[in-house]
2 protein chains.
Amino acid sequence: MYKRSPIQAQEHVTAERKRREKLGELFISLSKVVPGLKKLDKSSILGDTIEYMKELQQQVKVLEETKKNIPSACENIKENVNCIDQVVESKIKARILDKSVLINIHCNKQDGVVGRILFEMEQLHLSVNDIRIMPFGPTNLEISILAEMENGCCITVQDIVNALQINILDQVQSAVA
Amino acid sequence: MYKRSPIQAQEHVTAERKRREKLGELFISLSKVVPGLKKLDKSSILGDTIEYMKELQQQVKVLEETKKNIPSACENIKENVNCIDQVVESKIKARILDKSVLINIHCNKQDGVVGRILFEMEQLHLSVNDIRIMPFGPTNLEISILAEMENGCCITVQDIVNALQINILDQVQSAVA
DNA sequence: CGGCACACGTGATAC
DNA sequence: TGTATCACGTGTGCC
């Protein structure tokens, strides 16, 4: 029950007032960094801050997890690199069924590629019934050709692939790994 | 300048006490979700909370950015390769170039095959940009699909080929030589 | 002792 | 009209 001297009392008041000011400013600052704040009373600010903070922490946790999974995803890609050698030959694929011929070519874009292919088909005595060219990425083409052997012609898939390989892809292949 | 009745005064005291209690508990709760808190006075709690919150927000921002860059991160790894192929028994072929995916399927005609393929594409988070179906002879189909990986998706050719192999061809394959 | 932080009761005020 | 919240001055304890 001791009282202070008037001077001390006034200092106390001032100090306390200053402290409250600081606290009030901190509340305002806090309310500005917490988005979606509806009520602005202190309890709501603290409550929503806690809630929002937990969301942020969980979000960081999730994102960190996905970040950890990036290397493994890239590892899968690395593993598949080994398969390329076996695939080089299958950049051209040919199928024969009776007199029908189905050809699949994967190559990079280059002026006159389709023209040279059609010329080669003519040389092979294959009449083209359908040809579809799909762009794949900025530099590649996927070409499907449906053809038919001309009368009296009997050709093998090996002949087709060889002819196309020599006359088409060998000249355009360099950019494709 | 109106005074309250003694009863009302007491209620006011109780209410105010309860409010302070609530605020105090909120401060404690807040201090528990903010890590690395050295001082436990209210100003420090609020200040460190603001600081920590800003760090979290920036961290989330950065992680979101890196998340968007996952494909490019993978791109760096496979930039030497530029293109990755894989052939499974040459009935299914998949290629990946950046986010583009090119799939080639050779199978026999059967009701619902295309539907099942498209469903599988959806399961793989691949959005189909183009699909072309060429009949080859009376019983066979040659299907070419041009698709694109959906955002945040990083899939391998092996995944694609396996999924299609299991869910499509294994059920329809018998008639194909 | 002084500096600091807190809880308390109280009056004022907004809805 | 009660039912909230707030700021204020004060008492008290802790370095």
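The values are calculated or read from the model by the stated rules, or taken from the named source; none is laboratory data. A quick note: this is a predicted structure, and the numbers were derived from the prediction, not measured. Neighbour counts run over all protein chains shown; Cβ positions are idealised from the backbone, glycine included. Each accessible area value is taken on the protein alone, full model and side chains, heavy atoms only, with ligands, DNA and RNA left out. Shrake-Rupley method; radii C 1.70, N 1.55, O 1.52, S 1.80 Å.
Please list B:11-19, A:119-127, B:37-45, B:100-108 highest first by mean number of surrounding beta-carbon atoms within 10 Å per residue.
With the highest mean Cβ count within 10 Å placed first, the list reads B:100-108, A:119-127, B:37-45, B:11-19.
Once you place label points 7 Å from the Cα toward the Cβ at residue A:29 and residue A:12, how far apart are they in nm?
In this crude label model, residue A:29 to residue A:12 measures out at 2.9 nm.
Short version: ³J(HN,Hα) in whole Hz for each residue of the stretch A:51-64, in order, from phi by Karplus 6.51 cos²θ - 1.76 cosθ + 1.60 (θ = phi - 60°), x for Gly and Pro, what are they?
So the Karplus estimates, Gly and Pro as x, are 4, 5, 4, 4, 4, 4, 4, 5, 4, 4, 4, 4, 5, 4 Hz.
Through the Karplus equation 6.51 cos²θ - 1.76 cosθ + 1.60, θ set to phi - 60°, convert the phi angles of the stretch B:150-165 into ³J(HN,Hα) values in whole Hz; use x for Gly and Pro.
With coefficients 6.51, -1.76 and 1.60, one gets 6, 3, x, 8, 10, 10, 10, 4, 4, 4, 4, 4, 4, 4, 5, 4 Hz.
Would you mind checking which residues have amide H under 5 Å from residue A:140's amide H? H placed 1.01 Å from N; only 5 or more apart, or other chain.
Amide H neighbours of residue A:140, under 5 Å, 5+ apart: A:109.
For the B and A pair, go ahead and give the buried accessible area with a 1.4 Å probe, both sides summed, in Å² to 100.
Chains B and A together bury approximately 5700 Å².
Once R0 is set to 45 Å, what does the formula 1/(1 + (r/R0)^6) return for the Cβ-Cβ distance between residue A:41 and residue A:69, expressed as a FRET efficiency to the nearest 0.05? Don't skip to the end; give the middle numbers.
Values: r = 42 Å, r/R0 = 0.94.
Calculated transfer efficiency: 0.60.
With 23 Å as the limit, write out which pairs from A:39/B:38; A:38/B:68; A:39/B:42; B:39/B:61; A:42/B:32 have Cα-Cα distances beyond it, or answer none.
Checking Cα-Cα distances, A:39/B:38; A:38/B:68; B:39/B:61 exceed 23 Å.
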